[in-house]
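Remarks on the structure that follows.
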Amino acid sequence: MSSIVLFGPPGAGKGTQAQRIMDSTGLPQVSTGDMLRAAVAAGTPTGMEAKNYMESGQLVPDEVIINLIRDRVQDTDASNGVMFDGFPRTVAQAEALAEITEVSHVIAIEVPDGRIVERICGRYTCGDCSAVFHDTFNPSNVEGVCDSCGGNDFKRRADDNANTVLSRLSAYHEQTSPLAEWYDQRGIFFRIDGDRAIDEITEDILRALK
Ligand code: ADP
Ligand code: ADP
Ligand code: ZN
């Protein structure tokens, strides 16, 4: 069993690419952001603890995240590994992950800061199937209708606004980007230029995973 990590700043395209490579890898997407948003919506103790951090664009404490992951990898669909999206985000999380499961590839989707705000402020997702869209760069084929499932319940995230993006970007640079070096030293870090067409990026990721 071996897992993959999709790494990169907020809005880099981790979720978009995870959905596109899911069939080729055969691994389920595990997004800590999605898990936390579900916990907030359900009002669980984890959700109540995470809510303020998320709204202000700060990282949720490591122990909360590590407990979520420890439970998630016990699920039967995770028995051959998973595709982590947005985890790990600190060196402490990566150290904990190394005790939990083997990671074969860390795919870093690199996008300059100047592109991030426009990516995030135009993002919307399908509330039924979690497909990701963008007002300008990747709109649904029929306005108001999800390409993947035909649903019409589009959502925007509370933290996808210009103010919070700046906090999320500083959290990325201060706490998450040191992980690049950590994984590079282990020889499993693959850099992909994420400032290109979505399909080109998908091709490069699949090539890196071969
Ligand atoms: P992340 O999971 O890394 O936060 P998403 O996959 O949600 O990023 O993508 C952020 C936004 O940018 C979405 O609105 C998505 O449609 C859009 N997007 C993703 N990849 C690209 C790309 N290569 N070029 C332009 N827009 C993109
Ligand atoms: P994005 O990649 O677009 O920034 P995510 O959905 O991955 O968004 O994360 C949204 C928020 O959830 C983060 O700003 C942070 O507050 C919290 N979060 C998600 N994953 C983690 C993690 N691994 N460690 C700490 N906080 C996390
Ligand atoms: Zn959908």
Residue match in the range 9-23 (condition: in a helix (DSSP H, G or I), modelled with pLDDT under 95, open to solvent by 10 Å² or more (accessible area, probe 1.4 Å) and more than 16 Å from ligand 1 (Cβ to nearest atom)): yes
Within the range 111-135, work out how many residues are within 11 Å of ligand 1 (Cβ to nearest atom), acidic (Asp, Glu) and not in a helix (DSSP H, G or I). 1
Selection count, the range 93-109, where residues are assigned to a strand (DSSP E or B) and either in contact with a Lys or Arg (Cβ under 8 Å, 6 or more places away or on another chain) or open to solvent by less than 10 Å² (accessible area, probe 1.4 Å) (or both): 4
Taking the options Asp128, Asp147, name whichever one is within 16 Å of ligand 3 (Cβ to nearest atom) and under 26 Å from Asp71 (Cβ atoms). Asp128
Counting only residues in the range 114-137 that are within 14 Å of ligand 2 (Cβ to nearest atom) and open to solvent by 70 Å² or more (accessible area, probe 1.4 Å), the one nearest to Asp184 (Cα to Cα) is identified as Arg115
Using beta carbons and a limit of 8 Å, which pairs, at least six apart or on different chains, have the first residue in the range 134-153 and without any contact (Cβ under 8 Å) to a residue 24 or more places away in the chain and closer than 21 Å to Arg196 by Cβ and the second one away from ligand 1 (no atom under 13 Å from the Cβ) and open to solvent by 60 Å² or more (accessible area, probe 1.4 Å)? Asp147/Asn141
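Which of the residues belonging to the range 178-191 are more than 17 Å from Leu209 (Cα to Cα) and either surrounded by fewer than 14 Cβ atoms within 10 Å (Cβ to Cβ) or modelled with pLDDT under 95 (or both)?
First, the residues of the range 178-191 that are more than 17 Å from Leu209 (Cα to Cα): 178-182, 185.
Within the range 178-191, Pro178, Glu181, Gln185 qualify.
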Which number in (1) at pLDDT 95 or above; (2) within 16 Å of ligand 1 (Cβ to nearest atom) marks the one condition that Asp62 misses? (2)
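The values are calculated or read from the model by the stated rules, or taken from the named source; none is laboratory data. Note that the structure is a prediction, hence the values are computed from the model and not measured. All Cβ positions, glycine included, derive from the backbone under ideal geometry; neighbour counts span all protein chains shown. Remember, those area values only see protein heavy atoms, side chains included, never the ligands or the DNA or RNA. Shrake-Rupley method; radii C 1.70, N 1.55, O 1.52, S 1.80 Å.
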